[in-house]
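S.K.: The structure under discussion is supplied below as structure tokens; questions concerning it will follow.
The values are calculated or read from the model by the stated rules, or taken from the named source; none is laboratory data. No experiment lies behind these values; they were computed from the predicted model shown. Note: ideal-geometry Cβ built from the backbone for every residue, glycine included; neighbour counts use all protein chains shown.
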Amino acid sequence: MNNSAANTGRMLWAGLRALLVLTVITGVLYPLAVTGVAQLVFPGKANGSEVKSGGKAVGSELIGQRYDLPLKDGEETPAPDLRWFQPRPSNGLGTNSVNTQYSIILSGATNRSGDNADLIQWVKDAKAAVVKDNSTTGYEVKPSDVPADAVTSSGSGLDPHISPEYAELQVHRVAERNHLTVARVDKLVADHTDDRILGFIGEPRVNVLKLNIALKELTQG
């Protein structure tokens, strides 16, 4: 009986020691080591790929955000602030009226098929809004000019990029609203267009947050 109790005690003590050692190794030392290496080798990515403007973090280059006017009484959703380049439509983008913070409400696709009546109507409404918002004096946007990413959300709903075609479509409107020349805004888009990775992976893209930061610096310069 005593031997059995002693053996049980030794086994419990051995198990407790193993638990403590593994907790220290896997729960303390390993996370500290991984964090230290990450901060040393690629601190930007380790800290969320933050994008800063004026010395303050204004978002992440990996997560999209909206550029809207303050919500008015009676409105369910705020109207877009047309001084800025607009991102892809997405229910996953948090409202950001002052361009200093963002909030992720949800993330995910619509999970509706291409022949779904609601999805078709959403696309039609979005296309009509893109045509209306981006048509200016002397520049008329045609429905056939509207690229797919201007009227559909990404799979995650948080895509921070738009196509160069969608950015170019917004140039005249942004130039007019900010009292800039079309050529100057067009160059801004060209300067912030990223090519395919390694020349063949993915598609050319424009990070909306970085583009709008550059636009803000241009208008305030």
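S.K.: Only one of (1) within 28 Å of A190 (Cβ to Cβ); (2) at pLDDT below 95; (3) not hydrophobic (A, V, I, L, M, F, W, C) is not met by Q170, so which one is it?
M.R.: (2)
S.K.: Return a yes/no flag: does the stretch 136-144 have any residue that is under 24 Å from the mean Cα position of the chain (by Cα), surrounded by 15 or more Cβ atoms within 10 Å (Cβ to Cβ) and free of Cβ contacts under 8 Å to residues at least 60 places away in the same chain. Give the derivation first.
M.R.: In the first step, residues of the stretch 136-144 are kept if they are under 24 Å from the mean Cα position of the chain (by Cα); the result is none.
No: zero hits.
S.K.: Check off (1) surrounded by fewer than 18 Cβ atoms within 10 Å (Cβ to Cβ); (2) modelled with pLDDT of 75 or more; (3) within 29 Å of D186 (Cβ to Cβ) for D115 and give me the number that stays unchecked.
M.R.: The single condition D115 does not satisfy is (3).
S.K.: Determine whether T193 is surrounded by 12 or more Cβ atoms within 10 Å (Cβ to Cβ), polar (S, T, N, Q) and in the same structural domain as K132 (by TED's automatic domain parsing).
M.R.: Values: surrounded by 12 or more Cβ atoms within 10 Å (Cβ to Cβ): yes; polar (S, T, N, Q): yes; in the same structural domain as K132 (by TED's automatic domain parsing): yes.
It is true that T193 is surrounded by 12 or more Cβ atoms within 10 Å (Cβ to Cβ), polar (S, T, N, Q) and in the same structural domain as K132 (by TED's automatic domain parsing).
S.K.: Let me ask another. I need the full set of residues from the stretch 39-60 which are surrounded by fewer than 17 Cβ atoms within 10 Å (Cβ to Cβ) and either touching a residue at least 24 places away in the same chain (Cβ under 8 Å) or not in a loop (DSSP other than H, G, I, E, B) (or both), in order please.
M.R.: Q39, L40, V41, P43, G44, K45, A46, E50, K52, K56, A57
S.K.: In the list H192, H179, which residue meets the criterion of being farther than 17 Å from Y67 by Cα and under 23 Å from the mean Cα position of the chain (by Cα)? Give the steps one after another, and end with the answer.
M.R.: On the way: H179 fails: under 23 Å from the mean Cα position of the chain (by Cα).
One residue alone meets the criteria, H192.
For every residue, the table says whether it meets (1) at pLDDT 85 or above; (2) of a type outside the set (A, V, I, L, M).
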site: G92; (1), (2): no, yes
site: N99; (1), (2): no, yes
site: N111; (1), (2): no, yes
site: W122; (1), (2): yes, yes
site: A128; (1), (2): yes, no
site: P143; (1), (2): yes, yes
site: A150; (1), (2): yes, no
site: S154; (1), (2): no, yes
